[in-house]
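The values are calculated or read from the model by the stated rules, or taken from the named source; none is laboratory data. Being a predicted model, the structure only gives us computed values, none of them experimental. Here the Cβ positions follow ideal geometry from the backbone for every residue, glycine too, while neighbour counts run over all protein chains shown. SASA here: full protein model, heavy atoms, side chains in, ligands and nucleic acids out. Shrake-Rupley method; radii C 1.70, N 1.55, O 1.52, S 1.80 Å.
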Amino acid sequence: MSKSKSPAQRIWRFLSGLGLATVLLILLGVQTWLATLEMVEAGLLDTLQKYFHWTSWYVLAELPLPFSDGHLIVPMPGGYWVCALLLLNMTLGGLIRIRKGWKTAGVMLAHFGIIFMVAAGGVAQLFEKRGVMFLFEGEQADYAVSLTDPTIEVVEVKDGAAVGEVHVAGERELHGIGRNSSRIIRFPDLPFDLELSGWAKNVVVVPEQKGSGNPSIDGWTLRELPLETEGELNAAGCYARVVREDGETGMPFILAVPPARSGLESFAPYSVEADGRTFAVRMVKETIPVPYAVKLDDAIAEYYPNSARPKSFMSKIERVEGESVPVEIRMNEPMRRGGFTFFQRTMSSGPQPSGGPEFSGFEVVSNPADKWPEWSLYVVTAGLGIHFLMMLFTSGRRMNRKPQAS
Amino acid sequence: MKYGVTLLSIPLMLVSCGEREEVVAEETRPLTMRDANLDLDTDNDERFSQGRPAPATTLETPPSPVVASAVPEGWTELESSAFRLLNYSFGSKGQAYVSASRGGVLDNVNRWLRQFGAEPLDAAGLAALEKVETAGYRGVWVEADGDFGGGMGQDPGKGWALRGVVAESGGNILTVKMLGPLAEVVAEEERLRRFVAGLKAAN
């Protein structure tokens, strides 16, 4: 019998091997360490995107050099794909290739739990929506707003009101567009497209400044700002123009997200006439529709005496979906409904100075894998527990046998 | 390990895809409350004078061409900015401010009226407005009551009012604008008139 293995067998052994698992786990550990160092300067959001976003096939990690301001550039595969390979490796090695029997049942279960946890991370990155909803007492909303992701929204307007659906160019369409490149966004169901140029991740719209060299629209121009360490403070912007079906292009205009500190959700939209219809075009942080409205009745904040340290935040809300249902949302007691989880995020600190209403802020998360990490922990715990008991039992039997053998 | 190197280099080889020049946006979402009150009658001056960042961080505040003789009783002086050269608040949501603007007197009057859904004026309508002189500027007194459609960093408000002056001198436009709930604005109208009369040229 020949000892040489076919290429398929070699690939199988490699992909399901302990060696690959070890390399991948070390890689993930190193990446996590380097990302932790880098996020101090680059910010959490940008660092996570750089190291672990699915579009990052590779990472040029920056390792700070001791006794120097320099960095050593370390090329590595992207963390998302390392995890994907780890998931494949554990499935092949930890579930399929592993010797099966009662002795390995616990280990297999633990492997399954870890695979489940890694899969939860992948699903969350691809499908999770995360935003915030700020409400003053008496206000209601049926949407949350992403803190980070800019989108371009186009909606038809009739008799002063939006109609139909809102067409969205989001993260997938806008990712990777650069300051010196242009991109055409095709909207299949609209009678026009948009051409974007001069994209920057953080801008402010300012009156034209002579000598800046930036294009000016009606005396206004985009001024690029340094990226904020806190990603949610960045406000993207670009120049845009309408491209009609016959190829005719319109006058350029500015699309931008208002600065976070302005408190505005959006600038007033542009009006675009096409095919005898009127459309509103604007750039905003992503709108996350919620399948019901949430009305804030009472925002209740308690603080420890003589301190600004919150003791408890609680919001009394009405969930309006046909009928109105009273719900209380507290710290660590979120509301889960319709695929969305509402966490208590922030709150006004007591009565407002002007006598105005108090407000409450919720973190709104839609994640199909929301509970998977918790379930996977139960599975891993059960698997390791079974394995421990099996080993204890086996060891006990061996010890009992030894005196008989002697 | 040879295979390891090969596999781990696959991502590196796939990077050469380059930037996309055209993309198709097929995603849609349902309408939400965020899509109510879309104001399509906004020009860029109005659009971008909202949401400006804090003056200290980005924009320098230009010197005001006028100065106030006194802060009216009950008004609170606020920090000025590139778009509010003199800036005050009063009552629960009331505000009054002096700005330098672009365009002509009629353009600015009609922009204000549109914010309240009022019919724009023609030249004859403008000529019929009460005349006002302040700090060497000549202009008109503008009033509008009703539902404020938002703008200039303000949320829409029902039962609001506007009182103010749009004036011109040598092609420069000066506006003095008071906005707020109707009752509060009416109560402060006389103070606004005295404030306008008391404005003086800065130099």
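If you check every pair at least six apart or on different chains, which have Cβ atoms under 9 Å apart with a residue in the stretch B:22-36 that is more than 7 Å from chain A (Cβ to nearest Cβ) and farther than 21 Å from A:G176 by Cα first and a residue that is of a type outside the set (S, T, Y) and part of a strand (DSSP E or B) second?
Listed by first residue and then by second, the contacts come to B:A36/A:A161; B:A36/A:A162.
Pairs needed: first member in the stretch A:62-86, without any contact (Cβ under 8 Å) to a residue 60 or more places away in the chain; second member anywhere, charged (D, E, K, R); C-beta distance under 6 Å; at least 6 residues apart or different chains.
What qualifies is A:E62/A:E38; A:H71/A:E62.
Only one of these is in contact with a helix residue (DSSP H, G or I) (Cβ under 7 Å, 6 or more places away or on another chain) and closer than 30 Å to A:T381 by Cβ: A:A105, A:A124, A:A61, A:A141. Name it.
Unique residue meeting the criteria: A:A105.
Looking only at the stretch A:139-190, filter to residues that are surrounded by 17 or more Cβ atoms within 10 Å (Cβ to Cβ) and in a loop (DSSP other than H, G, I, E, B); which one of those is farthest from the other protein chains (Cβ to nearest Cβ)?
The extreme case among them is A:L190.
Anything in the stretch A:53-79 that is more than 14 Å from A:T32 (Cα to Cα), in contact with a Gly (Cβ under 9 Å, 6 or more places away or on another chain) and among the hydrophobic types (A, V, I, L, M, F, W, C)? List them, or say none.
Within the stretch A:53-79, A:W54, A:W57 meet the criteria.
Quick one: would you say B:K177 is exposed (fewer than 15 other Cβ atoms within 10 Å of the Cβ) and assigned to a strand (DSSP E or B)?
no
So, in the stretch A:191-224, of the ones that are exposed (fewer than 15 other Cβ atoms within 10 Å of the Cβ) and on the phi > 0 side of the Ramachandran plot, which residue ends up modelled with the highest pLDDT?
A:G219
Please state which of the following conditions A:T278 fails to meet, knowing it meets all the rest: (1) facing chain B (nearest Cβ under 8 Å); (2) touching a residue at least 40 places away in the same chain (Cβ under 8 Å); (3) at positive phi.
(3)
Can you tell me how many residues in the stretch A:285-301 are closer than 25 Å to A:P188 by Cα, facing chain B (nearest Cβ under 8 Å) and in contact with a helix residue (DSSP H, G or I) (Cβ under 8 Å, 6 or more places away or on another chain)?
1
Only residues that are crowded, with 22+ Cβ neighbours inside 10 Å and under 18 Å from A:R183 (Cα atoms): list them for the stretch A:243-259, please.
A:I254, A:L255, A:A256 - these are the residues of the stretch A:243-259 that are crowded, with 22+ Cβ neighbours inside 10 Å and under 18 Å from A:R183 (Cα atoms).
Being within 19 Å of the chain's Cα centre (by Cα), at pLDDT below 90 and hydroxyl-bearing (S, T, Y), is that true of even one residue in the stretch A:42-49?
Scanning the stretch A:42-49, I find at least one residue that is within 19 Å of the chain's Cα centre (by Cα), at pLDDT below 90 and hydroxyl-bearing (S, T, Y), so the answer is yes.
Just name the residue that is farthest from the chain's Cα centre (by Cα) out of those in the stretch A:17-41 that are closer than 18 Å to A:T229 by Cα and open to solvent by less than 10 Å² (accessible area, probe 1.4 Å).
A:L34
Residue by residue through the stretch A:321-343, note down the ones that are open to solvent by less than 50 Å² (accessible area, probe 1.4 Å) and either part of a strand (DSSP E or B) or among the aromatic types (F, W, Y) (or both).
Hits for the stretch A:321-343 are A:V325, A:V327, A:I329, A:M335, A:F340, A:T341, A:F342.
Are there any pairs, at least 6 apart or on different chains, whose C-beta atoms fall under 6 Å, with the first in the stretch A:111-133 and farther than 15 Å from A:E286 by Cα and the second among the β-branched types (V, I, T) and open to solvent by less than 30 Å² (accessible area, probe 1.4 Å), and if so, which?
A:G113/A:V380
Answer yes or no as to whether A:A120 is within 14 Å of chain B (Cβ to nearest Cβ), closer than 28 Å to A:T346 by Cα, open to solvent by less than 40 Å² (accessible area, probe 1.4 Å) and at pLDDT 90 or above.
Criteria not met by A:A120.
Inspect all residues belonging to the stretch A:283-291 and state whether any of them is open to solvent by 40 Å² or more (accessible area, probe 1.4 Å) and either at pLDDT 85 or above or part of a loop (DSSP other than H, G, I, E, B) (or both).
yes
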